[in-house]
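The values are calculated or read from the model by the stated rules, or taken from the named source; none is laboratory data. Just so you know, these numbers come straight off a predicted model, no measurement behind them. Cβ placement follows ideal geometry from the backbone for every residue including glycine, while neighbour counts extend to all protein chains displayed. Protein only, heavy atoms only, side chains kept; ligands, DNA and RNA dropped before computing areas. Shrake-Rupley method; radii C 1.70, N 1.55, O 1.52, S 1.80 Å.
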Amino acid sequence: MNTAERAWQLLESVPDPEIPVVSIRELGILREVTQASDGSVDVVITPTYSGCPAMEQIHADVCTLLASHRIHARVVTRLAPAWTTDWITPEAREKLRGYGIAPPQLSAAQNVVQLTRRRPGVETIACPQCGSTNTTETSHFGSTACKALYKCLDCREPFDHFKAY
């Protein structure tokens with residue numbers, strides 16, 4: 001196993017600082033790990049949105065973990081292509097739901113975000129607690145700018161929903 005492969009394997013375990021039940025790889029933030037000619041690795045990360053406050057922590061966590069395994073790394077933040085919720089793995093979607101965050105839904109056939117509509121322009125979001133689609137958006141911004149705050153009208157629980165990008 002070369003250094004880049006070893007680094008990728010190690011980075012699989014780096015949790016997202018804001019949602020510790022999922023890794024930065026599972027969220028699609030970790031994009032690439034390549035071997036440089038000097039023996040170090042270049043690690044490419046993409047923020048979930050421009051100005052994401054967690055990027056500094058992710059950068060530090062990547063460097064700290066790799067340094068603890070004697071791997072010198074350069075971390076590069078790449079903004080293009082822009083992060084999309086399509087990059088969230090199926091395993092992470094289930095972990096998010098279990099954590100109380102409704103993930104965006106994908107169409108396996110088209111690999112695009114599918115929206116079902118109650119009325120024009122409004123997504124139907126299933127509650128991660130009880131599964132009801134009798135939900136309403138209470139704030140377009142949730143605990144972070146990449147999520148919206150919803151409330152289930154059946155079980156009355158509030159929850160975050162990853163916005164589809």
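Brief remarks follow.
- Contact annotation: residue pairs with Cβ atoms under 9 Å, 6 or more positions apart or on different chains, pairing a residue in the stretch 84-102 that is touching a residue at least 12 places away in the same chain (Cβ under 8 Å) with a partner that is open to solvent by less than 20 Å² (accessible area, probe 1.4 Å) and in a helix (DSSP H, G or I), are Ile88/Leu96; Ala102/Leu96.
- Close pairs (8 angstrom Cβ cut-off, 6 or more residues apart or separate chains): part of a strand (DSSP E or B) in the stretch 126-146, exposed (fewer than 14 other Cβ atoms within 10 Å of the Cβ) anywhere: Thr135/Thr124; Thr135/Leu153; Thr136/Leu153; Glu137/Val122
- Ile101 being more than 18 Å from Val21 (Cβ to Cβ), surrounded by 14 or more Cβ atoms within 10 Å (Cβ to Cβ) and modelled with pLDDT of 90 or more: no
- Taken over the stretch 22-61, residues that are surrounded by fewer than 15 Cβ atoms within 10 Å (Cβ to Cβ), small (Gly, Ala, Ser) and assigned to a strand (DSSP E or B) amount to 0.
- Scanning the stretch 65-81 for residues that are outside any helix (DSSP H, G or I), open to solvent by 60 Å² or more (accessible area, probe 1.4 Å), within 18 Å of Gln9 (Cβ to Cβ) and not basic (Lys, Arg) turns up His69, His72.
- The lone exception for Pro90 - which of (1) surrounded by 12 or more Cβ atoms within 10 Å (Cβ to Cβ); (2) in contact with a Leu (Cβ under 9 Å, 6 or more places away or on another chain) it fails: (1)
- Listed by first and then second residue, the pairs linking a residue in the stretch 147-165 that is within 11 Å of Ser132 (Cα to Cα) to a residue that is open to solvent by less than 10 Å² (accessible area, probe 1.4 Å), with Cβ atoms under 6 Å apart and 6 or more places separating them unless they lie on different chains, are Cys152/Cys127; Cys152/Thr135.
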